[in-house]
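Any read-out appearing in this document is the output of simple, stated calculations on the displayed coordinates, not a laboratory observation. The structure displayed is predicted, hence computed values, not measured ones. Please note: Cβ atoms are built from the backbone with ideal geometry, for glycine as well, and neighbour counts cover all protein chains shown.
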Amino acid sequence: MKRLITTLSLAVASYFFFFQTAFATTVEYWTTQTQSDRLQTIQVMADVFTALHPDIHVKVVAIDENDVPKQMAAAAASNTLPNVIEVGSNLSLAFAEQGIIDLAATTDVVNAIGKNRFYQGALKLVEDPVKQEYVAVPYRGWVQGIWYRADWFKKAGLAPPTTWEAIEKAAKYFYKPGKNQYGILIGTKADSYAEQVYTQFALSDNAPLFNEEGQLVFDSKAQKEVLDFYKQLARYNPPGPQTWRARDYYLQGKLAMFFYSTYIMDDLALAEAAASSLGSDNFADLKGAAFDPELVKNTRLAPTITHKSPSTFGTLNGFSVMAKQSKEDLEASKAFIEYMNEKDQVVAYSHMAVGGHLPMLKDIAQSNEFMNDPKGIFNRYGKKQVQAIIAGFENIKNFAIVDGKAFPKAGEIFSKQIIPRMIYKAVIENEDTQKSLDWAEQQMKQIVDKK
């Protein structure tokens, strides 16, 4: 932040804010960052931009991500669209289909920054396959994968858990319930964690929700293979229906592998962040443990699972230039997004949530400035490991997008928790796999057929 925020720049920004906003071009910028400390950082970035471009004022508007579709619909209806938005890739694709994103302008920014600088999987998530233009400029995200005890794997002579076969072999090998040790953690409660884990397996088996024509194809031979495999892996879980909370087993040295996003990075590296997982309150069979300072060195992340194809699950947020702007406003919007993609701004934004805001520009992700976060978390992992983690964005996928086309119904299916409820039926209630799939397909069909 010292590189970004100086007394002089703040003073200059304040001057322009108070004395020139009445005459400036205004860029209204919607962000889904609503926490006060993060908004303060973003506002400083906007003020410094105004100091550097005294004819442009940036109006920062924070909107809860769940409210964005409703707010955007209202803005489009009243012809009061913002100039720039920073939202998830699924929303950007949906807005592009509605015709309210300026694809040409957004693509101009991608090209100005340099297409080869972005992780290619991230670019694919925001590409319009018909027009071959971009609906958003990839900016930040997190990836999910299998965090595992590399020291245990090395001692056992096991390959990293990057394929179905390697994952199952390791889960079985390390499953020693008599010693209160378990092979893997996957979600088996009816919650979003279970769906996130399941989705990564499904996409690695080329088992989507929809085909490229938008037809529901969930109840397939490939999907049955996924659910059968998931049921098999669940045998090596800690006992009972489980969710992300069972990460406690890993932090207390009782688990070989667990699925989690990169938001876990500080818990593995810092004693104060790990504290909530080191006690005995959450699980009766965990007695509590001291923080292991070597755990971060002995942990690796396998961000990509490969079966029929490589699959990384995660989220991606990016900037989009909105449609129907004047030429002057359009150029100002593009200039602001390019500014936000400069190293100082990307690094400052990434450090607001270490591990949760990973940058989409490869050269910045590989820079010393990015690695030097205020709490020293990235340096505890080492540059090589951090780069391997972020490289998961080369193969990032999700259920809502097939060949670059977004299917908004996938979001509604997600909100109804159909897949996690199916998992619970199949795994915890031991329901027949095909019966569970048939039930899920019928539930999804009701949503898809609803007008």
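Computing FRET efficiency as 1/(1 + (r/R0)^6) for Asn430 and Lys176, where r is the C-beta to C-beta distance and R0 is 35 Å, gives about 0.90. Excluding the site residues themselves, the longest part of the chain lacking any GluC sites (Glu not before Pro) in a DSSP loop with at most 16 other Cβ atoms within 10 Å is 1-211.
Close amide H contacts of Thr162 (hydrogens built in the peptide plane, cut-off under 5 Å, sequence separation of 5 or more or a different chain): Ile167. For Glu133, the residues whose amide H sits under 5 Å from its own are Asp128, ignoring neighbours fewer than 5 places away on the same chain, with H placed 1.01 Å from N.
Restriction of the trypsin sites (Lys or Arg not before Pro) in region 227-284 to DSSP coil positions whose beta-carbon has at most 16 other beta-carbons within 10 angstrom yields Arg235. With θ taken as phi - 60° and the Karplus curve 6.51 cos²θ - 1.76 cosθ + 1.60 applied, the whole-hertz 3J(HN,Hα) list for region 183-193 is x, 7, 10, 10, x, 10, 7, 7, 9, 5, 4 Hz, x standing for glycine and proline. Quick check: from the Cα gyration tensor, does the chain come out rounded (a/c under 1.5), prolate or oblate? Note, shape of the chain comes out oblate. Label point of Asp363 set 7 angstrom out along Cα-Cβ; within region 94-126, amide nitrogens under 17 Å from it belong to 109-120.
In this structure, the amide hydrogen of Lys176, modeled 1.01 Å from its nitrogen in the peptide plane, lies closer than 5 angstrom to those of Gln181, Tyr182, Gly183, counting only residues at least 5 positions away or on a different chain. Anisotropy class assigned to region 321-378 is prolate, per the alpha carbon gyration tensor with a/c at or over the 1.5 cut-off and a/b larger than b/c. Placing unit charges on each Cβ (+1 for Lys and Arg, -1 for Asp and Glu) gives the chain a dipole about its Cα centre, and among His57, Pro310, Val126 the Cα reaching farthest toward its positive end belongs to Pro310.
Between Glu65 and Ser280, residue separation times 0.36 nm minus the direct Cα-Cα distance comes to 73.9 nm. Applying 0.36 nm per residue to the separation of Asn211 and Asp37 and subtracting their alpha-carbon distance, the gain on full extension is 58.5 nm.
For region 377-435, the Cβ-based charge dipole about the Cα centre amounts to some 280 debye (Lys, Arg positive; Asp, Glu negative; other atoms uncharged).
Evaluating 6.51 cos²θ - 1.76 cosθ + 1.60 at θ = phi - 60° for every residue in region 137-149, the Karplus couplings come out as 9, x, 10, 8, x, 9, 10, 10, x, 9, 8, 9, 7 Hz, glycine and proline recorded as x.
Under 14 Å from a point placed 7 Å out from the Cα of Tyr263 along the Cα-to-Cβ direction: which residues of region 28-45 have their backbone N that close? Within reach of a label on Tyr263, which here means backbone N under 14 Å from a point 7 Å along Cα→Cβ, region 28-45 contributes 33-35.
Phi-derived couplings, Karplus 6.51 cos²θ - 1.76 cosθ + 1.60 at θ = phi - 60°, listed residue by residue for region 410-418: 4, x, 5, 4, 4, 5, 8, 6, 5 Hz, with x used for Gly and Pro.
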